[in-house]
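To start, the structure itself, in structure tokens.
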Amino acid sequence: MTQAKVYLVSLGCPKNLVDSELMLGQLGLLGYAATSAIEEADLILINTCGFIQSAVEEGIETILEHARDPRRRSNSRLVVTGCMVQRYGTDLIAELPEVDLFVGTEDFPQLDRLLAQGSAEKLYHRAPRFLMNSSLPRQLATPAHRAYLKVTEGCDNRCAYCLIPSIRGPLRSRPLDDILAEAARLDAGGVRELTLVAQDLTAYGRDLGLRDGLVELLRQLERHCGIPWVRLLYLYPSRVSDALLETIASSQRVVPYLDIPFQHVSDPVLHAMGRKYGQAELEQLLTRIRRILPDAAVRTTLMVGFPGEVEEDVDLMVDFLRRQQLQHVGVFRYENEPGTRAANLSGKCPMRIKKTRYDRVMKVQREISTVLQQRYIGQVVEVLVEGGSAESEHLLEGRTRWQAPDIDGRIYIVDGSPAPGSLTQVRITEAHPYDLVGVVSD
């Protein structure tokens, strides 16, 4: 009997990718094997993002592209899951008749049962309460040497522009022992880089009564997990404590990389966004980071075009970037999302103004990054080798401790042949605005 095959497309953030991996694990128990060839697939599974309109549009385009792909088998099933389903629910049934089954973020853990029994309904879409645990089967979709570990679900921050609490529900933290059990399994499987993800890592354990849950989690990982690199994604600025910074500084595993979304630096804009800090607190935070973790790379995201933003606010942002010299900055244009508090605010920015502001801030950050990258030339740094480069068959690529997968630059290795997944010493020979070039050090 021919083995059933599933073709997966996972859109959106690393947290969504973990959900995709849980679905692959469930399907594996039903006898499905993953395939990268759509013409082989009995099941086409698309896990969507629904956070902002551009992500929704990408999801719809992806669904239609795969539904109409001439290589698709005539009897294959098309199943759509994720945040877009959770956000729009029944509206999608008429909008996308090509889809055989829609499954929301609460019901995807039942995907194996729905497929095995033959679902009577076309949509499964309940209020979000699900919280993963280490007993669930999971099949990694990342390279075998790195993995994401989701420590919470949902969010309580209630930022004015954000739909996550309504899509994913309130904060739900996994028990510490359960996280450690999954980390141990990933360690035993050969993972060399473990990236902790959540909507807000600094909120971990608040719903469990833990005062500084992330600090305790990192201390336990230090004691009980042998994975050499542990990375943190998404720290809320006003909750980055000295205890957290000192824990990272003393760790042999937690890399000195801090992803802290500021969103803006202007006090009036931050207040309108519902962020619980101002520019002075951000300045103080960066001072504390540089005192306790002088070699840390800081990544942030900034939003331009939020309702009410004026040119003086963008001037503040540009001045802040020039003074603070941050290593990694992502810039996004505000998107008006129905259902958010920001959607009802006055002072909306026209698209052309948002684009002008975006281009201005990106140009400034590119100039900053170009200068900062030069300091690496001549240094020998530890690199996690990813494997062959898409740029050329003659190149390998990897990342330093200061580069996160998929969102930051990379290092191209032009001489030497270290194995994928290995930690290798590389001497930097060239620097570009976002990427580095080097050779294996003797």
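Nothing in this text is a laboratory measurement; each read-out follows from the coordinates by a stated rule. Computed from a predicted model, the values in this text were never measured in an experiment. All Cβ positions, even for glycine, are placed from backbone atoms using ideal geometry, and neighbour counts span all protein chains on display.
A compact table of results
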{"quantity": "Centre separation in Å (Cα based) which lies between segment 316-341 and segment 400-439", "calculated": "27 Å"}
{"quantity": "Projected area, mean over directions - segment 203-335, Cα convex hull, nm²", "calculated": "8.8 nm²"}
{"quantity": "Derived scalar couplings ³J(HN,Hα) [segment 148-160; Karplus, 6.51 cos²θ - 1.76 cosθ + 1.60; whole Hz; x for Gly, Pro]", "calculated": "9, 10, 8, 9, 9, 10, x, 7, 10, 6, 6, 5, 5"}
{"quantity": "Length released on extending from THR2 to ASN157, taking residue separation times 0.36 nm less the Cα-Cα span", "calculated": "51.0 nm"}
{"quantity": "Amide H within-cut-off set for LEU123, under 5 Å, with H built and near neighbours excluded", "calculated": "PHE102"}
{"quantity": "Karplus-derived HN-Hα couplings along segment 408-425 (A = 6.51, B = -1.76, C = 1.60, θ = phi - 60°), whole Hz, x at Gly and Pro", "calculated": "9, x, 9, 10, 8, 9, 9, 8, x, 9, x, 6, x, x, 7, 9, 10, 7"}
{"quantity": "Largest-first principal axis extents, alpha carbons of segment 341-421, Å", "calculated": "57, 25, 23"}
{"quantity": "Positive dipole terminus of segment 377-440, leading residue within ALA431, TYR412, GLN379 (C-beta point charges)", "calculated": "GLN379"}
{"quantity": "Efficiency of FRET between ALA390 and ASP267 - r from beta-carbon atoms, R0 51 angstrom, step 0.05", "calculated": "0.75"}
{"quantity": "Calculated [θ] (222 nm, deg cm²/dmol) that DSSP helices of n ≥ 4 give over the chain, each run adding -39,500 (n - 2.57)", "calculated": "-10000 deg cm²/dmol"}
{"quantity": "Shape box of segment 377-440 [Cα atoms, principal axes, largest first, Å]", "calculated": "24, 22, 20"}
{"quantity": "Against the rule of thumb 2.2 N^0.38 Å, how large the Cα Rg of segment 5-124 comes out", "calculated": "0.95"}
{"quantity": "Phi-based couplings in Hz for segment 372-377 (Karplus 6.51, -1.76, 1.60; Gly and Pro marked x)", "calculated": "4, 5, 4, 5, 7, 4"}
{"quantity": "Enclosed volume per residue, in Å³, of the convex hull spanned by Cα atoms of segment 161-249", "calculated": "109 Å³"}
{"quantity": "Stretchable slack from ALA141 to ARG366, in nm (0.36 nm times residue separation minus alpha-carbon distance)", "calculated": "77.9 nm"}
{"quantity": "Where only alpha carbons of the chain are counted, the Rg and the Dmax (Å)", "calculated": "22.2, 67"}
{"quantity": "Segment 134-205 versus segment 61-98: alpha-carbon centroid distance in Å", "calculated": "27 Å"}
{"quantity": "Cα→Cβ-extended label distance, 7 Å offset, between ALA419 and ARG290, nm", "calculated": "4.2 nm"}
{"quantity": "Free-standing Cys, the chain [no other Cys Cβ under 4.7 Å]", "calculated": "CYS13, CYS49, CYS83, CYS155, CYS225, CYS349"}
{"quantity": "Expected-Rg normalisation [2.2 N^0.38 Å, Cα atoms] applied to segment 14-70", "calculated": "1.24"}
{"quantity": "Longest exposed-site-free window of the chain, the sites being GluC sites (Glu not before Pro) in a DSSP loop that have at most 13 other C-beta atoms within 10 Å", "calculated": "122-390"}
{"quantity": "Square roots of 5 times each gyration tensor eigenvalue, C-alpha, segment 146-374, largest first, Å", "calculated": "32, 21, 15"}
{"quantity": "At 0.890 mPa s and 25 °C, Stokes diffusion of segment 261-412 via Kirkwood alpha-carbon radius, µm² per second", "calculated": "141 µm²/s"}
